[in-house]
Amino acid sequence: MDIIPPRSQPPPASSLPEPASQNPSNYTQPAGRGGRNWRGALSTIGLFLSAFIIAILLNTFVIQSYQVDGESMEPTLNNNDRLIVNKVPRTISRIDGHQYVPQRGDIIIFNEDGLPGFVGTKQLIKRVIGLPGDHVVVANGKITIYNQQRPGGFNPDTSTGYRITAPTTIGNVDLTLQNNQLFVCGDNRGNSEDSRYFGPINTNQVVAKLMFRILPLNNAKGF
């Protein structure tokens, strides 16, 4: 005859699992919105803080925007022109300990102390005319540079990559620049306070070199 396996007996009632509704330990509390909100807020704050720090670093060490105030660089630059300047060469010079010497004809931003009628440091924008070691002479309405390469002298306003439309360069200067000095002038030679009046500047006074004029848009230009 066939053998029928015995039916499995139900476990005692005491061993049956309790319904979830009767066992609080089986509940899982949903994640609170408060935690997610705090994490989102901190993430947003961190993003804005990072962007702010990056902007400060770029502004301090890489590029910066300036607005021209005055007429000393006319007609090359006009009052209220908006500029972008390059700080990278000066930043590198501070890191490696070597002085930054711009090229002749570069337009630079630099710090100058003790200007008449002004307390503290003022930032000026001028063109580099004389480089370290140059003998600079301003006489008879023009500038003449003497150096080892050009012992006979030359006029940088007419023999380099820029041109000055001012008919004359007033002043009376005769000096030799030291190995850390620059001679700077505004392009508006009749209305510019520059090295003809306050003397040479040191290379460590240089802040940046002009890269672009971005405003007005119809006069945008790279330098």
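Laboratory data are not the source of any read-out in this text; all were calculated from the coordinates shown. Everything numeric here is computed off the predicted structure, so don't read it as measured data. Note that each Cβ is placed from the backbone with ideal geometry, even for glycine, and that neighbours are counted across all protein chains shown.
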If you filter segment 118-223 for trypsin sites (Lys or Arg not before Pro), then keep DSSP loop positions with at most 13 other Cβ within 10 Å, what is left? 163
Listed residues 114, 151, 190: farthest to the positive end of the dipole of segment 66-223 (Cβ charges): 151
Under the Kirkwood approximation applied to all pairs of distinct alpha-carbon atoms, what is the hydrodynamic radius of segment 72-223 in Å? 16.0
Could you calculate the FRET efficiency of residue 95 with residue 47 from 1/(1 + (r/R0)^6), where r is the beta carbon distance between them and R0 is 30 Å, rounded to 0.05? 0.55
So if I place +1 on the C-beta of Lys and Arg and -1 on the C-beta of Asp and Glu, and nothing else carries charge, what would the dipole magnitude of segment 119-223 be about its Cα centre? I want it in debye, nearest 20. 320
Compactness of segment 43-84, expressed as Rg and Dmax over alpha-carbon positions, Å: 15.7, 49
Percentage of Cα-Cα pair distances in segment 141-223 greater than 21 Å, rounded to whole percent? 41
Once Rh for segment 124-170 is found with the Kirkwood sum over Cα pairs, what is the Stokes-Einstein diffusion coefficient at 20 °C and 1.002 mPa s, in µm²/s? 188
So which lysines pass the test for residue 87, namely a Cα distance under 24 Å, with those fewer than 8 places away in the same chain ruled out? 122, 126, 209, 221
Whole-Å semi-axes of the ellipsoid equivalent to segment 35-146 (Cα gyration tensor, √5λ, descending): 40, 18, 13
